[in-house]
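Here, each number is a calculation from the coordinates, and none is a lab measurement. The shown structure was predicted, so the numbers you read here are calculated from the model rather than taken from an experiment. Glycine also receives a Cβ, built like all others from the backbone with ideal geometry; neighbour counts cover every protein chain displayed.
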Amino acid sequence: MYSMNIYRNLSFLCIASVVLSACSSNQQKTVEGSDDEKKTIIISTSQKPTYADMVTYAIQPILEKKGYTIKMLQVAETKLIFKVLNSGETDVHVGGHKAAFDYLKKYGGIDVYTLITVPSAHLGLFSDKLSGSMEDIKRQLKKGDLVLIPDDPTNLPRSLVFLENLGLLKLKKDINTFEATEKDIAENPYGLEIKVLNAGQIPRSLRSTTLAVIFGDDADLLGILDSAIIREINPDEQFMNMFVTKQGNENKPWIRDLVEAIQSEEFKNVIEDPQHRFYKYWRPVWYVEKWGATNDYAK
């Protein structure tokens, strides 16, 4: 009888131990997975230092004061952004613009939640052979002069619109300009040879072309940003780089803290400091309206 009671008690203790262990494990998972308790934010960027530097100098210090730990992840290709967001390898990504994300949603079934635009290094027209104002450049152009533009499906149409706005060509009417290609050129008054090329190869080909449309961050890294003949002026907000996250994250506390950090005066002070490269980036509409800033230095 005595031994039976011992076994009963031991059985009860074992069951209780299992239940308590399970409860403890569930509570631990709940705490660790709680949005309110999340204090580590993983931010992915491209492999260029452009926006990684923006996070490091203008955002990370603000979030660290709120108790967050910021980890960085560099992603090689645009499509990998969605893979690492969906897998949880990263929480938010900075870089890429709305036109690119809309394109991937339309043709790849890939969707993200766009959070906020940030100062961006926009396109520029460069030349090692011609100089002067845009009107001077037009007077120097000859039939057959080569113009290089990036070949990716969102920045190709962007570049064509840029060249059209400069009066170097005209696109067909009644087309979706966000999906235009070189085949949609209706008028080429200067007889230019328009060639599409991988964006990363264009800066290296600058000496062998007459004109080249180069990404602002590439020009920035090469130290030629200030030598642009002209840069995108008042670019469509479709082409402003932005922070994005996985659908469902948008209302989480740590996302709100991130957006508040970007909208803070401390962030603005870093952007406006001439010692940082962002000083010459194009400022988005919300930033200009909030801080009364201008884009003079981005021209």
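Miscellaneous remarks
- Residue range of the chain that is longest and free of GluC sites (Glu not before Pro) which are both DSSP loop and sparsely packed (at most 11 other C-beta within 10 Å): 78-299
- Panel order for V84, V244, by other beta carbons found within 10 Å of each beta carbon, from fewest to most: V84, V244.
- Charge dipole magnitude, Cβ of K and R +1, D and E -1 - the chain, Cα centre, debye nearest 20: 480 debye
- For region 77-105 and region 137-182, distance of Cα centres in Å: 27 Å
- Cubic angstrom per residue, convex hull over Cα atoms of region 218-299: 123 Å³
- Across q = 0.10, 0.12, 0.13 Å⁻¹, the chain modelled as identical point scatterers on its alpha-carbon atoms has Debye log10 I(q)/I(0) values of -0.62, -0.83, -0.95, in the order of the q list.
- Nearest-ten-degree value, helix 2-33 long axis tilted from longest Cα axis of the chain: 20 degrees
- Highest-fluctuation residue, D220, D136, D257 considered, GNM on the chain with Cα pairs under 10 Å: D136
- Helix 155-165 axis, angle to the chain major axis (alpha carbon atoms, nearest 10°): 40 degrees
- Take the convex hull of the alpha carbons in region 138-205; its mean projected area over all directions comes to 4.5 nm².
- Helix 98-108 vs. the chain, principal-axis angle (Cα, 0 to 90°, nearest 10): 70 degrees
- Checked against a 21 Å cut-off, the cross-linked pairs K48/K83; K106/K170; K246/K290; K83/K105 give Cα-Cα distances beyond that limit for K106/K170; K246/K290.
- Relative contact order computed over the chain (Cα-Cα under 8 Å; 6+ residues apart), in percent: 25 percent
- Taking the helices alone, the chain has a mean residue ellipticity at 222 nm of -11500 deg cm²/dmol, built from -39,500 (n - 2.57) per DSSP H run of at least 4 residues and averaged over all its residues.
- Projected over all directions and averaged, the alpha-carbon convex hull of region 218-263 occupies 5.1 nm².
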